[in-house]
Amino acid sequence: MAPNMNNKKRSAPSNGSAGQSKKPRVNDSKSKSKPNAKDFKGKGKAPVGNKKPIKTYRNVEEKVVAAPKRKLPLTATAPAHANNDEDDDEMDVDGSEEESEDVEMEQEALNGDERDGAQAGEPKQRMSKAEKLALHATQPHRTTKLPSHPLLQDKLLPLWEEARKADITKEERQAAIKQLWETVKGRVAEVARGHKGGRVLQTIVKYGGKEERDGVAAELEGQYKTMMQSKYSKFLMSKLIRHCHTVRPKIIAEITPDVPQLLFHSHACGPLSDFFELYASPKEKRLLVRGFYPKEVLLFDGVGVGKEAAVNVVEKAQEKGKEASEVKSLEKVLDEMTEGKMRERVLEELSEKVAHVFNSTQKEALAQEIFHRVVLEYLTCVYKFLSPEDADKKMHELLESSLESLADIVHTKDGSAVVREFLARGVAKDRKSILRVLKPHLEKLCKDGEAQTVLFTAFDVVDDTKMMGKAIISDIGQMAGGLAVDKQGRKVLLYLLTPRSSRHFIPSTVAQLKQADEAAAKTSKKDKDVRRKELKDVISPDLIKLVEEQGEQLLRETGSSLLVAEILLSAVGDKSKALEAVAQPLTTPYPNPAPVDSDADPATAHILDLGYAVRTYKTLLAGGRFSTATNTVEDFDAELQSRFAQLFYRNITSREAGGEQNLVNIALGNATFALVELLSALKDDKQKLSDIKKGLCAPHVLPDIEKSWRKGAKPLYEALSAL
């Protein structure tokens, strides 16, 4: 009996993990969590509060890990199409795709008849949509003539509908998958090519165990390359690559000789790139890249020629306790060659392959990381094994062929490394051409973690800072508002203020940027400190204006609050209005009692209840960043400290905020560390210190500060006691 295909979406879960809300908290008298604001006046020890339920075997929800996705190039204008993965069984399964294809084919035939009739002088007759569907219904579907149709329609699809439901238990799903596998066993290759059959096998691979996965892979052995090139079975190949590690050696051995051709194939490009970018180990990646190498390299790279050699290398690497042979990189193989002419032949052949991809009309291959790895290896070897003159000539030839395609490769680690090499080794004219190509994608460039390193290198090597200011920095300043609230985008602003600072950039990023320093020293003439100062002068007015207009909004977000502190400490210009904007939220009365929830809502909470905002205020009151290594404040700015301390005190004790009582509320709240820094900043202002002592050292206030459980209460009590 045919399955009911009318419901195109999976049934909603009743008790499953999908769509399930969080479980309510359970009261527990033995809990030691922070106090409830309703029962506490901001004094003394923390009373009993609420406690999260303990996770047990029964109430732990099963987590479904989503399939990883490849990054899109900066030039992409739409979401990734079906090449990435056909995951989670969400597509329609009623055959509408195949039916639409048949309707299209019939329409083409009818249109051909109409054209013939028109040429014969007969009037055109167009069929309505209903007539087309009626005509289609009277004709047998072409898939019904396939030998696998009865098996698929009568047995597999009903079982598949049961196995793919979201509201069944793990045991029920495993039983359904086992039954599904027993039904299709021995006929996997028959059903794998079609849309419905491919979906059935994908479900078996996704939810099945080792026996089912290995069984599907074994029946398809020898057809992996062909399946990658198929419109529907390419998705099954992506599933096998992801879930079945044991089949990867055989896939690598079968497809490696044809990697360049598969990269150009419209269907095979997706699973091949998924394999390399998302799932392959370092050794598997080196084996896949071998597909681009000339035969001379394959003879000496430690693997050997032939499918069995590659299979043995990967299988030994996967088995613990077995010593696997080394897969040598292109650089190491060329280093071991004694004949210089052979190296030149290898690099020349590889140069032709790389140029062919860049000059091809099929641009999808350009965006794949496997190709970027090949280009980077080639460029590295050119400068290591050729003379400086020949290497520069080869580099400029590569730059000329790839110039218009650079925006397609900067989104990967290896692709961005290639463009950084072009910037570091090129002359002023080359750098200007590169920036011209990348400028239309500037916002995406700033918000991509790998692509933005190209901008960082441009900031480090371009001597014409006036051109950089007009062409690049001014545009970055205009989009500073959007970059400031973006996790990656704000790093561009931070790099212009504090380049390569360990506070904002991880060591691996700094190490990547340092790789270009040696080459840039030969092509850049301006002193790096002068260059950085000139770029900072250009971006500073826009950043200061940003804080003036959006100071409070930026303080209420974790990452952008760090940017606010860096702007006020490092930017060049008049910051008086920006300091006013940052201090303005302090005029809001502080709540009494202070909230105890550490996860306060950034949109509604008082600014001094947000830990990251308090840290920003503390940094400004200290006049610089405190270094634990030297136990001092770095880049101390006495004028900034004094001005902000006056603004801070004025606003928290203003009539609008509640005067002296507001100061007491803050001292019993969550911003005690900021008050400690305030006392230090006002140490020379005897009048204000006297007023603070009068309010906070009163007999009914100071004991409560001493007994408070809040962080920073003890240092505040000690500082007040010393007044």
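The values are calculated or read from the model by the stated rules, or taken from the named source; none is laboratory data. None of these values were measured; they are calculated from a predicted model. We place every Cβ from the backbone using ideal geometry, glycine too, and count neighbours over all the protein chains shown. For the accessible areas, the whole protein counts, side chains as well, though only heavy atoms, and no ligand, DNA or RNA atoms are used. Shrake-Rupley method; radii C 1.70, N 1.55, O 1.52, S 1.80 Å.
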### Summary
Largest first and rounded to whole Å, the semi-axes √(5λ) derived from the alpha carbon gyration tensor of the stretch 161-297 read 29, 15, 13
#### Entry: Cα pair distances exceeding 18 angstrom across the stretch 514-632, given as percent
61 percent
### Message
Which entries of K69/K447; K239/K332; K71/K466; K353/K432 have Cα-Cα distances beyond 24 Å here?
### Response
K239/K332; K71/K466; K353/K432
### Task
Order these peptides, 552-561, 614-623, by their mean beta-carbon neighbour count within 10 angstrom, highest first.
614-623, 552-561
### Summary
Sorted by chain and number, the residues with a modelled amide H under 5 Å from that of R625, at a separation of 5 or more or across chains, are E634
### Query
Where does each of 276-289, 224-237, 657-670, 524-537 land if you order them by average Cβ count within 10 Å, highest first?
224-237, 657-670, 276-289, 524-537
#### Entry: Exceeding the 18 Å Cα-Cα cut-off - candidates K470/K514; K393/K413; K206/K250; K341/K384
K470/K514; K393/K413; K206/K250
## Note on the structure
To the nearest 0.05, the calculated FRET efficiency linking M467 and K525 through their beta-carbon distance, R0 being 22 Å, is 0.90
### Message
Give me the extension gain from T604 to T77: residue separation times 0.36 nm, minus the current Cα-Cα distance, reported in nm with one decimal.
### Response
186.1 nm
### Task
Measure off, as a whole percent, the carbon and sulfur share of the 1.4 Å-probe accessible area of the stretch 601-723, all protein chains present.
51 percent
#### Entry: Solvent-accessible area, 1.4 Å probe, carbon plus sulfur percent, for the stretch 318-461
48 percent
### Query
Solvent-accessible area per residue for the stretch 467-570 at a 1.4 Å probe radius, Å²?
45 Å²
### Task
Return the distance in nm (one decimal) between the two label points of a simple spin-label model at S329 and A134, each offset 7 Å from Cα along Cα→Cβ.
6.9 nm
### Query
At a Förster distance of 25 Å, what's the computed FRET efficiency of S721 paired with Q661, Cβ-Cβ distance as r, to 0.05?
0.70
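At 0.36 nm per residue, minus the direct Cα-Cα distance, what do R503 and K683 gain on full extension? Give it in nm, one decimal, please.
Residue separation times 0.36 nm, minus the Cα-Cα distance, leaves 61.9 nm.
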## Note on the structure
Amide H contacts under 5 Å for V596, restricted to residues at least 5 apart in sequence or on another chain and with H modeled in the peptide plane, are A37
### Query
If ligands, DNA and RNA are left out, what is the accessible area of H243 with a 1.4 Å probe, given in Å² to the nearest 10?
40 Å²
## Note on the structure
Here the equivalent ellipsoid of the stretch 214-258, derived from its Cα gyration tensor, has semi-axes (largest first, whole Å) of 14, 13, 9
### Message
Give me the extension gain from S360 to K533: residue separation times 0.36 nm, minus the current Cα-Cα distance, reported in nm with one decimal.
### Response
58.0 nm
### Query
To the nearest 10 square angstrom, how much accessible area does H195 have with a 1.4 angstrom probe?
10 Å²
